[in-house]
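The values are calculated or read from the model by the stated rules, or taken from the named source; none is laboratory data. These numbers were taken from a predicted model, which means no experiment stands behind them. We place every Cβ from the backbone using ideal geometry, glycine too, and count neighbours over all the protein chains shown. SASA here: full protein model, heavy atoms, side chains in, ligands and nucleic acids out. Shrake-Rupley method; radii C 1.70, N 1.55, O 1.52, S 1.80 Å.
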Amino acid sequence: MSSIEIKKVANGEDLKSFIEFHYDLYAGSPYDVPNLYKDEWNTLSKDKNAAFEFCEAEYYLAFKDNKIAGRVAAIINHKANQKWERKDVRFGWIDFIDDIDVSTALLDAVADFGRTKGMETIAGPLGFTDMDPEGMLTMGFDQLGTMATSYNYDYYPKHMEAMSGWEKDVDYLEYKINVPDAIPEKFVKLSEMIQKRYNLRIKKLTKKDIFEGGYGKKIFNLINSTYKDLYGFSELTDRQIDQYIEQYFPFANLEFITVIEDGNKDNQIAGMGITLPSLSRALQKCKKGRLFPFGWWHVLRVIKFAKTEGIDLLLLGFLPEYRAKGANALLFYDLIPRYIKHGFKWGETQVEMETNDSVQSQWDIFETVNHKRRRCFKKSL
């Protein structure tokens, strides 16, 4: 342990090193999907990320033999702690070489930070909010990652198991779904019946709807309502919502976003699905997370022309009163023909709590495989 030095990120140059360590550690990996450098910078910068209205954080770098050997973020989400009546310090953005002295020193730094703030438990990997990657990969190391999740080598969970005091807090599942050649006739009849019986309507959005018609805010308000009981969730603030609208919707292909409205309640949003043609391969071609000089072309081909094999099911949610009515079927009634038209071969769900049977049951109509599993760990301080 004496050969490991922990340094707190103190300036912009340190933060640059913090971000770029992941690119260096995973250079050449066929499975890791690097985040864009600019997005990482904006998320980690305390003057840019709206989550710092209710979060505080410090970042640490581990050095071995005068070289960066690991990194970690220590985060306290005060809003989540208050809601869930916990005193957690979170660890996130954790990466390290295969040296247990390095991983131990990094997590000890997070624990020490938590203790100075009166925290009682360390938990993670977690980000500032549910909009950030969460969970450490424990199965699926030979599977391509996604833009919304993080990849890690198989030795990461082995280190967690080797260190004392750590235990499972929650597990997440991810599924790969084969896009069918056609919508099953039974599914078509069910969707049409639901529309007639409950006066539910499929709405396709325009940019004007999102930025001038208030649908951007409506969608994220729906997320606040439908995700409120999920592990570690903290309600998005108005500033966060504005930030996410400006960050993601200008570049979204609205063909793959569907909103369901209730005609009996002044077109109240009953549910929504935000899906996105997979950017995984395109992002792998962005050297160190940069769009220039050549990465932009690969990303543009996906965003504008859907030139990719898969679709990421990023955010799906329905108000509780509509779940029992089967309203989620309307999403796929609208979206599956679009997936078929563009030649998508598979879809990928994002993280789902292993205990969330209602979410997992919506994939029953498809041919699926549970190809990834993630875990959040916890330890008493």
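Odds and ends about this structure:
Condition check ((1) closer than 17 Å to ASP132 by Cα; (2) hydroxyl-bearing (Ser, Thr, Tyr); (3) more than 18 Å from the chain's Cα centre (by Cα); (4) part of a helix (DSSP H, G or I)) across all residues:
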site	(1), (2), (3), (4)
LEU222	no, no, no, yes
LEU230	yes, no, no, no
PHE233	yes, no, no, no
ILE241	yes, no, no, yes
ILE245	yes, no, no, yes
PRO250	no, no, yes, yes
VAL259	no, no, yes, no
ASN264	no, no, yes, yes
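- Qualifying residue in region 341-360 (condition: closer than 15 Å to PHE187 by Cβ and modelled with pLDDT under 95): no
Quick grid of which residues meet (1) touching a residue at least 60 places away in the same chain (Cβ under 8 Å); (2) under 23 Å from the mean Cα position of the chain (by Cα); (3) not in a loop (DSSP other than H, G, I, E, B):
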{"residue": "TRP297", "(1), (2), (3)": "no, no, yes"}
{"residue": "LEU300", "(1), (2), (3)": "no, yes, yes"}
{"residue": "LYS304", "(1), (2), (3)": "no, yes, yes"}
{"residue": "ILE311", "(1), (2), (3)": "yes, yes, yes"}
{"residue": "GLY317", "(1), (2), (3)": "yes, yes, yes"}
{"residue": "PHE332", "(1), (2), (3)": "yes, yes, yes"}
{"residue": "LEU335", "(1), (2), (3)": "yes, yes, yes"}
{"residue": "GLY343", "(1), (2), (3)": "no, no, no"}
{"residue": "ARG374", "(1), (2), (3)": "yes, yes, yes"}
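- Hey, LYS379 farther than 18 Å from GLU174 by Cβ and touching a strand residue (DSSP E or B) at 6+ places or on another chain (Cβ under 9 Å) or not: yes
- Selection status of SER234, polar (S, T, N, Q), open to solvent by less than 80 Å² (accessible area, probe 1.4 Å), closer than 29 Å to MET353 by Cβ and touching a Lys or Arg at 6+ places or on another chain (Cβ under 7 Å): yes
- Number of the condition not met by LEU44 [criteria: (1) at pLDDT 95 or above; (2) within 23 Å of TYR153 (Cβ to Cβ); (3) exposed (fewer than 13 other Cβ atoms within 10 Å of the Cβ)]: (3)
- Qualifying residue in region 357-368 (condition: touching a residue at least 60 places away in the same chain (Cβ under 8 Å), in a strand (DSSP E or B), of a type outside the set (Phe, Trp, Tyr) and farther than 22 Å from MET131 by Cα): yes
- Options LYS217, LYS168, LYS204; residue that is open to solvent by 70 Å² or more (accessible area, probe 1.4 Å), among the basic types (Lys, Arg) and closer than 25 Å to LYS325 by Cα: LYS217
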